[in-house]
Amino acid sequence: MLDLLTNSEYAVACCDGAQGMLSLPDKSIKLIYGSPPYPNAERDYGIWKSSEYIDKISPFLDASVLKLRDDGFLVINVKATREKATAKMASKRSLVVEKLAILLEEQWNLHCVDIEIWVKENPVPTGLRVACQDAYEQNLWFSMSPKWTINLDAIRRPYESHSVKTYEDYEYKPRSNGLSYVRKNKRIQPNPLGALPKNIISGGVSARIGDHQATQPLYLPEKYIKATTNEGDLVVDPWMGSGTTGIVAITLKRKFIGFDIVQSYVTAAEERFKEAQKVVKGDEC
Ligand SMILES: C[S@@+](CC[C@H](N)C(=O)[O-])C[C@H]1O[C@@H](n2cnc3c(N)ncnc32)[C@H](O)[C@@H]1O
């Protein structure tokens, strides 16, 4: 399959994503970014119940650690959904995402860069009356290497007005523990590339694309693709859906391979990729 990438920036296939990844050479992928079916979510493409979630996702993780480069990363965007209420039990939150995060270290020997939070500014109402409105998802960000390098400069953000004010008014000295600054010594300047990125991503959820029920906004994969890959690196999404990860990867001139088990999603994603590649090629002319 990687042969397809000699003449093209992307390749897609309709197949099980774990099997698809196994067809790639070992240690070839720089970033696996994807959003698997969420625990308990009832979708056109089936349900991965929380009770069987770890079994369902395990083949993907087995394939990931074989196929990621030694300096590669895995980012799984997932939402912890709730168990169905019964006559004796309220609809409790599933802890399977937390269990998955622990197993990524304990069973697959990956290293946790962070568990980032995507705050959804326009969450879909759930009608829930036994807990608060459900308004975030988790991005489980793991590294193959215990000593990783990420490109923070590529994901810096504009300074907030109060931080700019702080730079104007104070001078700081680094503490001996290297963590913070306490008293006047040497004036520091704001970084011209912007402030350090936060481990929270805020934004709206996406409008539906075609007939896919769970399209992500582009800004989610964008952060991790920019932070962990360079132009020409290979990004893979084993649960490609409408192709969000691929659009960003192609636009940022990374190579992309995507898998999905639903043929209509694969066909629609490929159409989107053709358009994205036309724009990239047009920009180069
Ligand atoms: C949450 S959606 C991904 C949405 C995607 N990130 C987007 O922005 O459109 C999960 C996707 O996983 C796909 N899927 C489910 N089981 C799969 C499997 N065994 N192999 C590959 N894809 C699978 C579904 O068809 C669905 O498109």
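Please give the FRET efficiency for SER161 paired with TYR219, using the beta carbon to beta carbon distance and R0 = 22 Å, rounded to the nearest 0.05. Write out the running numbers ahead of the final one.
On the way: r = 22 Å, r/R0 = 1.00.
Between SER161 and TYR219 the formula returns 0.50.
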Expressed in angstrom, Rg and Dmax over the Cα atoms of the chain are 20.6, 65
Order of THR86, THR245 from fewest to most other C-beta atoms within 10 Å? THR86, THR245
Dimensions of the stretch 1-93 along principal axes (Cα, Å, largest first)? 58, 28, 18
Simple label model, 7 Å out from Cα along Cβ direction - ASP71 to ARG43, nm: 3.2 nm
Could you pull out every residue, at least 5 positions away or on a different chain, whose amide H is within less than 5 Å of the one on LYS120? Hs are placed 1.01 Å off N in the peptide plane, and Pro or chain starts have none. TYR136, GLU137
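Rank the residues SER91, SER202 as a footprinting-exposure proxy: fewest other Cβ atoms within 10 Å of their Cβ go first. Working shown, then result.
Working: SER91 17, SER202 12.
Least crowded to most crowded, the residues run SER202, SER91.
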Simple label model, 7 Å out from Cα along Cβ direction - LEU103 to GLN133, nm: 3.3 nm
Roughly how far apart, in whole Å, are the Cα centres of the stretch 6-51 and the stretch 69-128? 17 Å
Using the beta-carbon distance between ALA85 and ASP62 and R0 = 35 Å, what value does 1/(1 + (r/R0)^6) give for FRET efficiency, to the nearest 0.05? 0.55
Give the order of CYS132, CYS15 when sorted by the count of other beta carbons within 10 angstrom, beginning with the fewest. CYS132, CYS15
Among the GluC sites (Glu not before Pro) within the stretch 219-285, which fall in a DSSP loop and have no more than 10 other Cβ atoms within 10 Å of their own Cβ? GLU231
How far, in nm, would the chain grow between SER51 and CYS112 when pulled straight, counting 0.36 nm per residue and subtracting the alpha carbon separation? 19.6 nm
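Do any of LYS147/LYS255; LYS30/LYS281; LYS120/LYS281; LYS56/LYS274 go past 29 Å between their Cα atoms, and which?
Details: LYS147/LYS255 25 Å; LYS30/LYS281 23 Å; LYS120/LYS281 33 Å; LYS56/LYS274 31 Å.
Exceeds cut-off: LYS120/LYS281; LYS56/LYS274.
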Given points 7 Å out from each Cα along the Cα-Cβ axis, report the LEU95 to ALA195 separation in nanometres with one decimal. 3.4 nm
Within the chain, helix-based [θ] at 222 nm, where runs of 4 or more DSSP H residues each add -39,500 (n - 2.57), nearest 500: -8500 deg cm²/dmol
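Bear in mind that the values in this text are calculations on the coordinates, not laboratory data. Being a predicted model, the structure only gives us computed values, none of them experimental. Neighbour counts run over all protein chains shown; Cβ positions are idealised from the backbone, glycine included.
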